[in-house]
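A.B. asks: Questions regarding the structure given below will be posed in turn.
The values are calculated or read from the model by the stated rules, or taken from the named source; none is laboratory data. Remember, it's a predicted structure, so these values are computed and weren't measured experimentally. Cβ atoms come from the backbone with ideal geometry, glycine included; neighbour counts cover every protein chain shown. In case anyone asks, the SASA skips ligands and DNA or RNA and just uses the protein heavy atoms, side chains included. Shrake-Rupley method; radii C 1.70, N 1.55, O 1.52, S 1.80 Å.
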Amino acid sequence: MNRILLLSFFLLFHFFFAQAGKISGIVTDDKNNILPYASVFVKGTTKGTTTNNAGRFSMELEDGEYTIVCQYIGYTRQEKKIKVSSEPVTLNFSLPLQRTTMKEVVVKPGGEDPAYEIIRHAIKKRKDYEEPLDSFTCEAYIKTLIKTRKLPSKIFGQKMKDEDRKTMGVDSVGKGIVYLSESLTKIAFKKPDRIKLEVLSGRESGSNGFGFNFPTFVNFYNNNVNVFITQLNPRGFVSPIAEGALNYYRYKYLGSFFEDGKEINKIQVTPRRKFEPLFTGTINITDGDWRIHSLDLYLVKESMLEIVDTLSIRQIHVPISPDVWRTKDQVVYFTFNKLGIDATGNFLNVYSKYDTTPEFRKKYFNNVIVKYDTAVTKKTKLYWDSVRPVQLEPEESKDYKIKDSLFETQRDSASSRRVIDSLRRKQGRVTVMNVLWNGVQRRNFDPKKPFDWSLQPLLRSAQYNTVEGVVANLEATFTKSFPESKERISFTPHIRYGFNNTHLNAWATIAFSKRNFEWDPDGGSSNRSSWIFSGGKRVSQFNNENPISPLMNEIYTLFLRDNFMKIYENYYGSATYTNRFDNGLRISGNLLYEDRMPLDNTTDFSFFGDKNKTLTPNYPYEKTGAQFTRHQALIAGVELQFKPGQRYIEFPRNKIPIGSKYPTMSLSYQKGLENIFGSDVNFDKWSFSVWDDVNFKLRGLLKYRFSIGGFFNTKSVFIQDYQHFNGNQVIFASQYLNSFQIAPYYANSTTAAFYAVGHLEHHFNGLLTNKIPLFRRLKWNLVAGSNAFYVNKDNNYVEIFGGLENIFKIMRVDVVGAYLNGRAGQVTLRVGFGGLFGAAFANASSNGGNVQIQLN
């Protein structure tokens, strides 16, 4: 019976697929030079393919007669009629250079080039073509290829071993394919701004990754054009047909040509000024209806391009209905040559199966913008051969074959004792240098029972302050994961010893986290919850937001005799619960008990500085006249954080947030509970905050954070529980948008019924500085803003700052002037992280030195 079913299936399969005829060929110019990524399609439809980098193409059509169109920017389009049957058809195209004819126009001396009138028409029609459909769906095939032409012997000081090059897939020089992926994505759109991308399939050479699946919608009907990620230029790029394009570009009429009886005007586009976010190249505009027919534009460093060295975009638009044209093919090329890495790559998008009258089920559009099919990476080679509109090149086929085979072998043997032991040995032995300076990180590489542990380096964790003297810190973390239940538990013990005051402090933290993900008819829903329990004896700053780092305090104490950090000891216990929901809501609750004990200075040692300079007491002397007395505090707190309109990417097993067009809001409340476990505190404290980034594109990026708050009840409030305004007295900038760069640390702390705080900064991202000759080549950008708080007329503060960021891509320098309580204060410099990669380094400085650079 099974054989009969298999035979029947085979016959049906053969019957249906035997009716499709295969068309293949090669596209060249009339001098036999290959034309990569030429568009080949059936006339009157978007069904078609694109040639690969070798100019070859293939596609399958049902039996019948067709007119096949071959199109390549800068060359004359060709049409050929063919008859398709079960026999394969070879169809080659040889395209001559496009010959344009010049209109008979009279241009008076000093007169305007005819291109300007054409562009004015295109600008007038731009809005009509920006979103011409109320809704539509289509499919996008995306292929991403990145190749290196040369690699250095060392990257960031680390030697590249032959084994590393082999794993990457490059030769001894560093030449080869380092990334190759394909994906098929369904795109759905509905006005005014609803969009959904359903990733149907994806593959990544040498891994089980999803591939690069997001279609690069480069829409030149938008005034401001985004290309991939904002880091390429946060200001975006001005479209050649933007509302104000005539102020940015020069145009030259190159003539016209005809396709299907329609005249197309070819126009050269060049920037009026260098160091502006502008394109160079050609754009073809149809005559009469003034829409984009095709374009070939590029960007270079002088276009304010970041990260990559050059980037070019080629698009071909075709009609998908009598009055609507959409992009059919798009190729984005880039080159990168930095740090000895010479690389090139391209992103090919082929759009097809346009439906201009789709019907969407109820709740189809929700907060999930990108959704991955549960079987996205489980497609076979036969599947990819059937859906791929672009024929693979030999080196791409070889890359898939070698790397996928290696990946399968490694995956199949990943849980074997031999492989696990090999991976463990590669981690090396724990050395004295690891313990003292580099730190230790170890994993067991068991996919079913993963476990890892780490040890912070002893010497780099050592500190110095005037209370404890030299401080030794020992910190380790042990983490156990449970893949099946998506749970994780970690244990972090700390030991701290002060050699001058001989105090030993020891405490530990246990954290439990769990991720839930459930499917329903409309997709998946998720939440992440965690419990954190901590307790022992520790040292804390009076301001629990830690306004000064121990390292900065150490430097200023030893070299300038300024002991800014104020600390106290406490026996404590705390429990914190947090739950994050996929509607943008985050709820957290905390219960903290502290037995607070004062500490005094025990040493005045310093390397340099005025020995007659008196060190300040170890308490907030600006606010309190004496050291606090020992007391106990039991404090309960709750915080609600909400980001309306939060959007998500939904993977087969989890969801991740990708932001919203609305700001984030937070409401918190703390209650001091008196007479419970001997607690001496009795207060009610609240705060409300709102923050966001607003990208004004060409005008720069605005960041803000505003807060209000106060005390309902102040029956018993100790200095640790005051409302502190994060000050800074060192030359290195404190956290932007959450501190005051030259304010005192505790002088303005308050228990007032109401206070207001504002932080505002504008990143010009090249605006204005791109007008300064020579200086603009540095790509150092202006930043300016203000920080302020107000309690009452006797307690207020305003500081104004202006400076430069993106210095060496990571640094920022500001000049800051302050007004304290209405009186002019100091004017000084602050140095921090800022610019293209500066935020990542700033985060690393507060996260143990782990740099994470996000390019989305």
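A.B. asks: Looking for whichever is farther than 29 Å from residue 466 by Cα, acidic (Asp, Glu), part of a loop (DSSP other than H, G, I, E, B) and modelled with pLDDT of 95 or more here; the options are 639, 674. Which one fits?
C.D. replies: 674
A.B. asks: Of the residues that sit in the range 710-746 and are part of a strand (DSSP E or B) and not hydrophobic (A, V, I, L, M, F, W, C), which one is nearest to residue 785 (Cα to Cα)?
C.D. replies: Within the range 710-746, the subset part of a strand (DSSP E or B) is 710-716, 723, 732.
Narrowing the set further to residues that are not hydrophobic (A, V, I, L, M, F, W, C) leaves 710, 713-716, 723.
On the way: 710: 25, 713: 34, 714: 34, 715: 38, 716: 37, 723: 23 Å.
Filtering first and then ranking leaves 723.
A.B. asks: Continuing with this model, one more query. Going through the range 583-599 one residue at a time, which ones are more than 29 Å from the chain's Cα centre (by Cα) and not in a strand (DSSP E or B)? Full working, then the answer.
C.D. replies: First, the residues of the range 583-599 that are more than 29 Å from the chain's Cα centre (by Cα): 589-599.
Correct list: 598, 599.
A.B. asks: In the range 434-466, which residues are of a type in the set (Lys, Arg) and open to solvent by less than 70 Å² (accessible area, probe 1.4 Å)?
C.D. replies: Of everything in the range 434-466, just one residue is of a type in the set (Lys, Arg) and open to solvent by less than 70 Å² (accessible area, probe 1.4 Å), namely 442.
A.B. asks: Further, regarding this structure: Quick one: residue 295 ticks every box in (1) aliphatic (A, V, I, L, M); (2) in contact with a His (Cβ under 9 Å, 6 or more places away or on another chain); (3) over 30 Å from residue 111 (Cβ atoms) except a single one, so which number is it?
C.D. replies: (3)
A.B. asks: Restrict the check to the range 353-371 and report whether at least one residue is aliphatic (A, V, I, L, M) and either loosely packed, with under 14 Cβ neighbours inside 10 Å or free of Cβ contacts under 8 Å to residues at least 40 places away in the same chain (or both).
C.D. replies: Within the range 353-371, not a single residue is aliphatic (A, V, I, L, M) and either loosely packed, with under 14 Cβ neighbours inside 10 Å or free of Cβ contacts under 8 Å to residues at least 40 places away in the same chain (or both).
A.B. asks: Being assigned to a loop (DSSP other than H, G, I, E, B) and aromatic (Phe, Trp, Tyr) is the requirement here; does residue 683 meet it?
C.D. replies: no
A.B. asks: Checking the condition within 23 Å of residue 300 (Cα to Cα) and open to solvent by 20 Å² or more (accessible area, probe 1.4 Å), which residue from 228, 220, 258, 237 passes?
C.D. replies: The conditions single out 228.
A.B. asks: So which of 603, 629 ends up being out of contact with any Leu (no Cβ under 6 Å at 6 or more places or on another chain), under 26 Å from residue 747 (Cα atoms), polar (S, T, N, Q) and crowded, with 16+ Cβ neighbours inside 10 Å?
C.D. replies: The match here is 603.
A.B. asks: Considering only the range 747-773, state which residues are in a loop (DSSP other than H, G, I, E, B), open to solvent by less than 50 Å² (accessible area, probe 1.4 Å) and aliphatic (A, V, I, L, M).
C.D. replies: Within the range 747-773, 747, 752, 767 meet the criteria.
A.B. asks: Take the residues in the range 774-818 that are β-branched (Val, Ile, Thr) and part of a strand (DSSP E or B), then tell me which one is surrounded by the fewest Cβ atoms within 10 Å (Cβ to Cβ).
C.D. replies: 815
A.B. asks: Within the range 526-581, can you find the residues that are on the phi > 0 side of the Ramachandran plot and open to solvent by 40 Å² or more (accessible area, probe 1.4 Å)?
C.D. replies: Listed by number, the list holds a single entry, 546.
A.B. asks: Now for a different question. Got a sec? Which strands (runs of 3 or more DSSP E) wholly within the range 41-101 have at least 1 residues that are more than 22 Å from residue 294 (Cα to Cα)?
C.D. replies: Passing ranges, in order: 56-62, 64-71, 78-84.
A.B. asks: Looking at 652, 620, can you tell me which residue is assigned to a loop (DSSP other than H, G, I, E, B) and in contact with a helix residue (DSSP H, G or I) (Cβ under 6 Å, 6 or more places away or on another chain)?
C.D. replies: Numbers: 652 fails: in contact with a helix residue (DSSP H, G or I) (Cβ under 6 Å, 6 or more places away or on another chain).
It is 620.
A.B. asks: Separate question: Among the strands (runs of 3 or more DSSP E) confined wholly to the range 367-482, which include 2 or more residues that are over 30 Å from the mean Cα position of the chain (by Cα)?
C.D. replies: Result: 463-465, 469-482.
A.B. asks: Something else: Could you list all residues from the range 819-846 that are within 21 Å of residue 767 (Cα to Cα), not aliphatic (A, V, I, L, M) and not in a strand (DSSP E or B)?
C.D. replies: Passing the criteria: 834, 835, 837, 838.
A.B. asks: Another question about this same structure. From 717, 730, 694, 690, grab the single residue that is of a type in the set (Val, Ile, Thr) and farther than 30 Å from residue 817 by Cβ.
C.D. replies: Exactly one of 717, 730, 694, 690 is of a type in the set (Val, Ile, Thr) and farther than 30 Å from residue 817 by Cβ, namely 717.
A.B. asks: Just to be sure before I move on: is residue 68 modelled with pLDDT of 90 or more, of a type in the set (Val, Ile, Thr) and touching a Ser or Thr at 6+ places or on another chain (Cβ under 7 Å) in the structure I sent?
C.D. replies: Judged against the criteria, residue 68 is not a match.
A.B. asks: Which numbered condition trips up residue 644, out of (1) more than 29 Å from residue 592 (Cβ to Cβ); (2) open to solvent by 40 Å² or more (accessible area, probe 1.4 Å); (3) of a type outside the set (Lys, Arg); (4) not in a strand (DSSP E or B)?
C.D. replies: So residue 644 meets the others, but not (2).
A.B. asks: Another question about this same structure. Does residue 288 meet the test of being in a loop (DSSP other than H, G, I, E, B) and farther than 17 Å from residue 237 by Cα? Outline the logic, then answer.
C.D. replies: On the way: in a loop (DSSP other than H, G, I, E, B): yes; farther than 17 Å from residue 237 by Cα: yes.
When the stated conditions are applied, residue 288 passes them.
A.B. asks: Could you tell me which residue of the range 242-275 is modelled with the lowest pLDDT, considering only residues that are out of contact with any Lys or Arg (no Cβ under 9 Å at 6 or more places or on another chain) and part of a loop (DSSP other than H, G, I, E, B)?
C.D. replies: Step by step, filter the range 242-275, then rank; the result is 261.
A.B. asks: Here's a follow-up. Among the residues of the range 12-31, are any open to solvent by 80 Å² or more (accessible area, probe 1.4 Å), modelled with pLDDT of 90 or more and not basic (Lys, Arg)?
C.D. replies: Checked the range 12-31: at least one residue is open to solvent by 80 Å² or more (accessible area, probe 1.4 Å), modelled with pLDDT of 90 or more and not basic (Lys, Arg).
A.B. asks: Let me confirm something: among 754, 740, 775, which residue is over 21 Å from residue 705 (Cα atoms) and of a type in the set (Phe, Trp, Tyr)?
C.D. replies: Of 754, 740, 775, the one residue that is over 21 Å from residue 705 (Cα atoms) and of a type in the set (Phe, Trp, Tyr) is 775.
A.B. asks: Turning to a different aspect of this structure: Restricting to the range 681-707, what's the tally of residues that are out of contact with any Ser or Thr (no Cβ under 6 Å at 6 or more places or on another chain), in contact (Cβ under 8 Å) with a residue 40 or more places away in the chain and more than 30 Å from residue 782 (Cβ to Cβ)?
C.D. replies: Adding up the residues that qualify gives 0.
A.B. asks: So, in the range 134-148, exactly how many residues are touching a Lys or Arg at 6+ places or on another chain (Cβ under 8 Å) and of a type in the set (Val, Ile, Thr)?
C.D. replies: Residues in the range 134-148 being touching a Lys or Arg at 6+ places or on another chain (Cβ under 8 Å) and of a type in the set (Val, Ile, Thr): 2 in total.
A.B. asks: Looking at the range 328-355, which of its residues are in contact with a Pro (Cβ under 9 Å, 6 or more places away or on another chain) and over 25 Å from residue 209 (Cβ atoms)?
C.D. replies: Answer for the range 328-355, where residues must be in contact with a Pro (Cβ under 9 Å, 6 or more places away or on another chain) and over 25 Å from residue 209 (Cβ atoms): just 340.
A.B. asks: Consider the range 500-528. How many of its residues are at pLDDT 95 or above and under 33 Å from the mean Cα position of the chain (by Cα)?
C.D. replies: Selection size over the range 500-528: 5.
A.B. asks: Residue 853 - would you say it is open to solvent by 80 Å² or more (accessible area, probe 1.4 Å), at pLDDT below 95 and of a type in the set (Val, Ile, Thr)?
C.D. replies: yes
A.B. asks: Go over the candidates 653, 647, 630 one by one and state the one that is under 19 Å from residue 673 (Cβ atoms) and in contact (Cβ under 8 Å) with a residue 24 or more places away in the chain.
C.D. replies: 630
A.B. asks: Answer yes if at least one residue in the range 52-70 is touching a Lys or Arg at 6+ places or on another chain (Cβ under 6 Å) and within 26 Å of residue 219 (Cα to Cα), and no otherwise.
C.D. replies: Yes, that holds for at least one residue.
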